[in-house]
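Notes for the one structure printed next.
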Amino acid sequence: DRFRHQLSASFQLINQSLQEAEPEKGSHYWFSVNGFKADLGLMVLRPSLDDLNQLEEQIAKSKLGAVLKPAKSYVSVTESGTYTGKPKTDRGWKYVNAHLKPTLPSMHYICFYPMNKRRWPQANWYTLPYEQRQKEMHEHGTIGRRYAGKIKQYITGSIGIDDDEWGVTLFSDDPLQIKKIVSEMRYAAASAIYGDFPYFIIGEGIDEKGIDHMLNSGWEEQ
Ligand code: 76R
(Lines give C-alpha, C1' and ligand atoms only; values in the text may rest on other atoms or scores of the structure.)
Protein backbone atom coordinates (compact mmCIF):
# COMPACT_ATOMS: atom_id res chain seq x y z
CA ASP A 1 0.00 0.00 0.00
CA ARG A 2 2.83 2.38 0.91
CA PHE A 3 4.51 1.47 -2.36
CA ARG A 4 1.37 2.34 -4.34
CA HIS A 5 1.32 5.76 -2.73
CA GLN A 6 4.96 6.20 -3.68
CA LEU A 7 3.98 5.45 -7.27
CA SER A 8 1.34 8.17 -7.13
CA ALA A 9 3.89 10.62 -5.74
CA SER A 10 6.31 9.61 -8.47
CA PHE A 11 3.64 10.22 -11.10
CA GLN A 12 2.95 13.67 -9.59
CA LEU A 13 6.60 14.61 -10.00
CA ILE A 14 6.65 13.54 -13.64
CA ASN A 15 3.42 15.34 -14.38
CA GLN A 16 4.70 18.44 -12.63
CA SER A 17 7.78 18.65 -14.83
CA LEU A 18 5.60 18.13 -17.91
CA GLN A 19 3.36 20.99 -16.83
CA GLU A 20 6.24 23.29 -15.91
CA ALA A 21 7.67 23.04 -19.43
CA GLU A 22 4.33 23.86 -21.03
CA PRO A 23 2.86 25.62 -22.91
CA GLU A 24 6.15 27.12 -24.21
CA LYS A 25 7.69 23.72 -24.84
CA GLY A 26 4.75 21.73 -26.13
CA SER A 27 1.85 19.73 -24.79
CA HIS A 28 0.98 16.29 -23.42
CA TYR A 29 -1.95 13.87 -23.04
CA TRP A 30 -2.24 10.97 -20.57
CA PHE A 31 -4.59 8.14 -21.43
CA SER A 32 -5.80 4.80 -20.25
CA VAL A 33 -5.46 2.20 -23.03
CA ASN A 34 -8.40 -0.04 -23.88
CA GLY A 35 -7.65 -3.72 -24.24
CA PHE A 36 -4.62 -5.46 -22.75
CA LYS A 37 -2.03 -4.07 -25.16
CA ALA A 38 -1.03 -1.55 -22.49
CA ASP A 39 -2.43 0.24 -19.44
CA LEU A 40 -1.11 3.76 -19.40
CA GLY A 41 -0.29 5.93 -22.40
CA LEU A 42 1.45 9.28 -22.72
CA MET A 43 1.72 11.47 -25.80
CA VAL A 44 4.27 14.26 -25.44
CA LEU A 45 5.18 17.03 -27.86
CA ARG A 46 8.51 18.76 -27.40
CA PRO A 47 10.63 21.01 -29.63
CA SER A 48 13.59 18.61 -29.81
CA LEU A 49 14.62 14.98 -29.50
CA ASP A 50 16.85 16.13 -26.64
CA ASP A 51 13.85 17.34 -24.66
CA LEU A 52 12.12 14.00 -25.24
CA ASN A 53 15.19 12.02 -24.19
CA GLN A 54 15.46 14.01 -20.98
CA LEU A 55 11.86 13.20 -20.14
CA GLU A 56 12.26 9.52 -21.03
CA GLU A 57 15.25 9.39 -18.68
CA GLN A 58 13.30 11.03 -15.88
CA ILE A 59 10.50 8.48 -16.25
CA ALA A 60 12.89 5.53 -16.51
CA LYS A 61 14.71 6.59 -13.33
CA SER A 62 11.54 7.23 -11.34
CA LYS A 63 9.74 4.84 -8.97
CA LEU A 64 6.90 4.70 -11.47
CA GLY A 65 9.38 3.89 -14.25
CA ALA A 66 10.67 0.98 -12.20
CA VAL A 67 7.29 -0.77 -12.45
CA LEU A 68 6.25 0.32 -15.95
CA LYS A 69 6.98 -2.11 -18.74
CA PRO A 70 7.20 -0.39 -22.11
CA ALA A 71 4.53 -1.83 -24.42
CA LYS A 72 4.84 0.50 -27.42
CA SER A 73 6.71 3.64 -28.24
CA TYR A 74 6.65 5.92 -31.24
CA VAL A 75 8.85 8.90 -32.15
CA SER A 76 7.88 11.32 -34.91
CA VAL A 77 7.73 14.98 -35.88
CA THR A 78 4.63 17.11 -36.40
CA GLU A 79 3.82 17.66 -40.03
CA SER A 80 1.37 19.72 -42.00
CA GLY A 81 0.27 18.59 -45.45
CA THR A 82 2.13 20.14 -48.36
CA TYR A 83 -0.06 19.08 -51.25
CA THR A 84 -2.10 22.28 -51.18
CA GLY A 85 1.08 24.40 -51.34
CA LYS A 86 1.90 27.33 -49.07
CA PRO A 87 -1.17 28.76 -47.31
CA LYS A 88 -2.52 31.89 -48.98
CA THR A 89 -4.64 33.16 -46.11
CA ASP A 90 -4.24 33.94 -42.40
CA ARG A 91 -6.68 31.13 -41.69
CA GLY A 92 -4.47 28.76 -43.71
CA TRP A 93 -1.35 29.74 -41.73
CA LYS A 94 -3.27 29.37 -38.50
CA TYR A 95 -4.17 25.80 -39.52
CA VAL A 96 -0.54 24.97 -40.41
CA ASN A 97 0.84 26.43 -37.18
CA ALA A 98 -1.80 24.68 -35.11
CA HIS A 99 -0.59 21.39 -36.61
CA LEU A 100 3.14 22.09 -36.28
CA LYS A 101 2.98 23.27 -32.66
CA PRO A 102 -0.26 21.84 -31.35
CA THR A 103 -1.81 22.15 -27.95
CA LEU A 104 -3.39 18.72 -27.66
CA PRO A 105 -7.16 18.90 -27.19
CA SER A 106 -9.00 17.82 -24.06
CA MET A 107 -11.29 15.54 -26.08
CA HIS A 108 -12.06 12.30 -24.26
CA TYR A 109 -10.76 9.63 -26.64
CA ILE A 110 -7.44 9.19 -28.41
CA CYS A 111 -6.64 6.86 -31.27
CA PHE A 112 -3.07 6.32 -32.43
CA TYR A 113 -1.84 4.25 -35.33
CA PRO A 114 1.18 4.18 -37.60
CA MET A 115 0.68 4.33 -41.36
CA ASN A 116 2.79 3.42 -44.36
CA LYS A 117 2.30 4.15 -48.04
CA ARG A 118 2.82 1.06 -50.18
CA ARG A 119 5.73 0.44 -52.49
CA TRP A 120 4.24 -2.53 -54.31
CA PRO A 121 4.98 -2.86 -58.06
CA GLN A 122 1.32 -2.04 -58.91
CA ALA A 123 0.74 0.32 -56.04
CA ASN A 124 3.81 2.43 -55.41
CA TRP A 125 2.97 5.77 -53.83
CA TYR A 126 6.56 6.95 -54.16
CA THR A 127 6.74 6.52 -57.93
CA LEU A 128 3.42 8.34 -58.59
CA PRO A 129 3.71 11.73 -60.26
CA TYR A 130 3.16 14.68 -57.91
CA GLU A 131 -0.12 15.63 -59.62
CA GLN A 132 -1.65 12.23 -58.92
CA ARG A 133 -0.59 12.22 -55.28
CA GLN A 134 -2.03 15.72 -54.99
CA LYS A 135 -5.32 14.51 -56.47
CA GLU A 136 -5.50 11.52 -54.10
CA MET A 137 -4.65 13.67 -51.08
CA HIS A 138 -7.29 16.17 -52.11
CA GLU A 139 -9.92 13.43 -52.13
CA HIS A 140 -8.58 12.30 -48.74
CA GLY A 141 -8.77 15.86 -47.36
CA THR A 142 -12.32 16.30 -48.63
CA ILE A 143 -13.44 13.34 -46.53
CA GLY A 144 -11.46 14.62 -43.56
CA ARG A 145 -12.99 18.08 -43.61
CA ARG A 146 -16.45 16.60 -43.19
CA TYR A 147 -15.34 15.62 -39.67
CA ALA A 148 -14.43 19.18 -38.68
CA GLY A 149 -15.41 19.70 -35.05
CA LYS A 150 -15.89 15.97 -34.43
CA ILE A 151 -12.34 14.74 -35.03
CA LYS A 152 -9.00 16.43 -34.38
CA GLN A 153 -6.22 14.86 -36.40
CA TYR A 154 -2.46 15.18 -36.11
CA ILE A 155 -0.18 13.63 -38.71
CA THR A 156 3.40 13.19 -37.57
CA GLY A 157 6.17 12.07 -39.88
CA SER A 158 8.56 9.30 -38.88
CA ILE A 159 10.55 8.38 -42.00
CA GLY A 160 14.12 7.91 -40.75
CA ILE A 161 12.92 8.24 -37.14
CA ASP A 162 10.77 5.23 -36.29
CA ASP A 163 9.63 1.95 -37.84
CA ASP A 164 6.73 3.25 -39.91
CA GLU A 165 6.29 6.31 -42.12
CA TRP A 166 3.66 8.35 -40.28
CA GLY A 167 1.91 8.40 -36.97
CA VAL A 168 -1.79 9.24 -37.08
CA THR A 169 -3.31 10.63 -33.88
CA LEU A 170 -7.05 11.24 -33.73
CA PHE A 171 -8.97 12.80 -30.85
CA SER A 172 -12.74 12.75 -30.46
CA ASP A 173 -15.44 12.84 -27.81
CA ASP A 174 -17.19 10.04 -29.69
CA PRO A 175 -15.23 6.86 -30.42
CA LEU A 176 -17.72 5.89 -33.14
CA GLN A 177 -16.66 8.96 -35.12
CA ILE A 178 -13.11 7.57 -35.04
CA LYS A 179 -14.31 4.28 -36.46
CA LYS A 180 -16.35 6.17 -39.01
CA ILE A 181 -13.60 8.44 -40.36
CA VAL A 182 -11.07 5.62 -40.58
CA SER A 183 -13.63 3.41 -42.36
CA GLU A 184 -14.60 6.13 -44.79
CA MET A 185 -10.99 6.92 -45.65
CA ARG A 186 -10.33 3.25 -46.37
CA TYR A 187 -12.47 3.62 -49.50
CA ALA A 188 -10.47 6.54 -50.90
CA ALA A 189 -7.46 5.56 -53.01
CA ALA A 190 -4.92 7.24 -50.66
CA SER A 191 -5.75 4.53 -48.11
CA ALA A 192 -7.59 1.87 -50.15
CA ILE A 193 -4.77 1.34 -52.64
CA TYR A 194 -1.74 2.90 -50.98
CA GLY A 195 -2.23 2.65 -47.20
CA ASP A 196 -0.95 0.08 -44.72
CA PHE A 197 -1.77 0.15 -41.01
CA PRO A 198 0.36 -2.03 -38.73
CA TYR A 199 -1.68 -1.61 -35.50
CA PHE A 200 -4.18 0.57 -33.67
CA ILE A 201 -4.36 1.87 -30.11
CA ILE A 202 -7.49 3.35 -28.59
CA GLY A 203 -7.73 4.94 -25.17
CA GLU A 204 -9.49 7.33 -22.88
CA GLY A 205 -7.87 10.53 -21.66
CA ILE A 206 -7.24 10.60 -17.90
CA ASP A 207 -6.38 13.37 -15.50
CA GLU A 208 -4.30 13.24 -12.30
CA LYS A 209 -7.24 11.90 -10.32
CA GLY A 210 -7.81 9.14 -12.86
CA ILE A 211 -4.17 8.08 -12.72
CA ASP A 212 -4.19 8.18 -8.95
CA HIS A 213 -7.22 5.89 -9.07
CA MET A 214 -5.47 3.58 -11.55
CA LEU A 215 -2.43 3.27 -9.28
CA ASN A 216 -4.12 3.23 -5.87
CA SER A 217 -7.73 2.15 -5.79
CA GLY A 218 -9.69 -0.99 -6.40
CA TRP A 219 -6.89 -3.49 -5.81
CA GLU A 220 -8.06 -6.86 -4.56
CA GLU A 221 -6.62 -7.66 -1.13
CA GLN A 222 -3.49 -9.79 -1.42
O1 76R B 1 -5.26 18.79 -49.80
C2 76R B 1 -6.00 18.56 -48.83
O3 76R B 1 -7.09 19.09 -48.63
C4 76R B 1 -5.56 17.53 -47.86
C5 76R B 1 -4.87 18.06 -46.62
C6 76R B 1 -4.30 16.83 -45.98
C7 76R B 1 -3.03 16.25 -46.22
C8 76R B 1 -1.92 16.71 -47.13
C9 76R B 1 -4.99 15.98 -45.03
C10 76R B 1 -6.25 16.21 -44.52
N11 76R B 1 -4.16 14.92 -44.70
C12 76R B 1 -2.96 15.06 -45.40
C13 76R B 1 -1.86 14.21 -45.35
MN14 76R B 1 -4.69 13.31 -43.57
N15 76R B 1 -5.17 11.74 -42.39
C16 76R B 1 -4.54 10.52 -42.39
C17 76R B 1 -5.36 9.58 -41.68
O18 76R B 1 -6.75 5.85 -41.73
C19 76R B 1 -6.47 6.34 -42.83
O20 76R B 1 -6.96 5.89 -43.89
C21 76R B 1 -5.50 7.51 -42.92
C22 76R B 1 -5.09 8.10 -41.58
C23 76R B 1 -6.47 10.29 -41.19
C24 76R B 1 -7.61 9.74 -40.36
C25 76R B 1 -6.34 11.64 -41.67
C26 76R B 1 -7.26 12.64 -41.41
N27 76R B 1 -2.90 12.40 -44.08
C28 76R B 1 -1.87 12.97 -44.75
C29 76R B 1 -0.75 12.04 -44.79
C30 76R B 1 0.63 12.29 -45.44
C31 76R B 1 0.62 11.79 -46.87
C32 76R B 1 1.84 12.22 -47.68
O33 76R B 1 2.47 13.23 -47.34
O34 76R B 1 2.15 11.57 -48.70
C35 76R B 1 -1.17 10.90 -44.13
C36 76R B 1 -0.38 9.64 -43.87
C37 76R B 1 -2.53 11.14 -43.69
C38 76R B 1 -3.31 10.22 -43.01
N39 76R B 1 -6.45 14.26 -43.11
C40 76R B 1 -6.88 15.48 -43.55
C41 76R B 1 -7.32 13.83 -42.10
C42 76R B 1 -8.32 14.85 -41.91
C43 76R B 1 -9.45 14.76 -40.85
C44 76R B 1 -8.05 15.86 -42.82
C45 76R B 1 -8.83 17.15 -43.01
C46 76R B 1 -8.26 18.14 -42.03
C47 76R B 1 -8.86 19.49 -42.14
O48 76R B 1 -8.94 20.04 -43.25
O49 76R B 1 -9.21 20.04 -41.07
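The values are calculated or read from the model by the stated rules, or taken from the named source; none is laboratory data. From a predicted model like this one, the values you see are computed outputs, not experimental measurements. We place every Cβ from the backbone using ideal geometry, glycine too, and count neighbours over all the protein chains shown. Heavy atoms of the whole protein, side chains included, go into the accessibility calculation; ligands, DNA and RNA do not. Shrake-Rupley method; radii C 1.70, N 1.55, O 1.52, S 1.80 Å.
Points to keep in mind about this one:
- For the stretch 173-222 versus the stretch 19-42, the gap between their alpha-carbon centres in whole angstrom: 13 Å
- Hypothetical label at S73: residues of the stretch 139-160 whose amide nitrogen lies under 20 Å (7 Å Cα-Cβ projection): 156-160
- Point-charge dipole on Cβ atoms (K/R +1, D/E -1) for the chain, about Cα centre, debye to 20: 820 debye
- Separation in nanometres of the label points that stand 7 Å from Cα toward Cβ, at E220 and A98: 4.7 nm
- J(HN,Hα) series, the stretch 111-117, from Karplus relation 6.51 cos²θ - 1.76 cosθ + 1.60, nearest Hz, glycine and proline x: 10, 10, 8, x, 9, 10, 9
- Listed residue (T103, V67, L40) projecting farthest to the positive dipole end of the chain, Cβ model: T103
- Solvent-accessible surface (1.4 angstrom probe) belonging to Y29, in square angstrom, nearest 10: 20 Å²
- In the chain, Cα pairs under 8 Å separated by at least six residues give a relative contact order of 28 percent.
- The listed residues V67, V96, once ranked by accessible area (1.4 Å probe) with the largest placed first, stand as V67, V96.
- In this structure, the amide hydrogen of L40, modeled 1.01 Å from its nitrogen in the peptide plane, lies closer than 5 angstrom to those of V33, counting only residues at least 5 positions away or on a different chain.
- Solvent-accessible ranking of T78, T156, largest area first, probe 1.4 Å: T78, T156
- Low-density loop positions, trypsin sites (Lys or Arg not before Pro), the stretch 38-115 - DSSP coil, at most 12 other Cβ in 10 Å: K72, K88
- Among the chymotrypsin sites (Phe, Trp or Tyr not before Pro) in the stretch 67-119, those placed in a DSSP loop whose Cβ has at most 15 other Cβ atoms within 10 Å are Y83.
- Ordered from highest to lowest accessible area with the whole protein assembly present and a 1.4 Å probe, L68, L176 read as L176, L68.
- Of K101/K150; K180/K209; K72/K94; K135/K179; K86/K180, pairs whose Cα-Cα distance is over 28 Å: K180/K209; K72/K94; K86/K180
- Assigned charges on the beta-carbon of Lys, Arg, Asp, Glu; the stretch 105-146 dipole about Cα centre (debye): 60 debye
- Each Lys and Arg contributes +1 and each Asp and Glu -1, all at the Cβ; summed about the Cα centre of the stretch 1-130, the dipole is approximately 500 debye.
- For the stretch 177-213, the residues whose backbone nitrogen is under 20 Å from a point 7 Å from the Cα of E131, taken along Cα to Cβ, are 189-190.
- The solvent-accessible area of R146, taken with every protein chain present and a 1.4 Å probe, is close to 140 Å².
- Backbone N atoms of the stretch 183-222 closer than 20 Å to the 7 Å Cα→Cβ label point of H108 belong to residues 201-214.
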